Amino acid sequence: ALRWLFKMLSSCSKVGDPRPGQPYKGGDFCAFLPDTKEGQKTAMLLKKAFERGLTFQIKSCKGEERVTWGLIPHKTSWDGGKARNGYPDAQYLREVCTVL
């Protein structure tokens with residue numbers, strides 16, 4: 001199993017974010033991929049998306065800016081199925097590669 005850990009630090013938002021120049025809260029994020037050939041290919045694509053700033057976004061929540069997952073779907077649990085962002089989900093790797 002491949003496990004991705006992301007630590008997004010608190011900072012100030014930039015142009016293009018909901019409220020440029022405002023501070024936002026970071027957070028800890030974790031995502032999972034199967035350790036298969038297809039999972040490893042997906043991991044490389046997700047890494048490129050992260051390097052290009054496409055993995056996360058800043059959203060306003062109850063008057064506060066915070067980092068959240070972006071539009072790229074991530075599996076945040078090993079179980080619970082598709083409804084809970086987990087596995088099993090036979091279509092996930094194909095769907096995420098289409099988005100990427």
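The values are calculated or read from the model by the stated rules, or taken from the named source; none is laboratory data. Just so you know, these numbers come straight off a predicted model, no measurement behind them. We work out accessible area using only protein heavy atoms, side chains counted, and drop any ligands, DNA or RNA first. Shrake-Rupley method; radii C 1.70, N 1.55, O 1.52, S 1.80 Å.
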Worksheet item: Just for strands (runs of 3 or more DSSP E) wholly inside region 1-92: which have at least 2 residues that are open to solvent by less than 80 Å² (accessible area, probe 1.4 Å)?
Response: 2-8, 27-33, 56-61, 64-69
Discussion item. Going by what's in this entry, would G21 be described as over 14 Å from the mean Cα position of the chain (by Cα) and at pLDDT below 80?
Written reply: yes
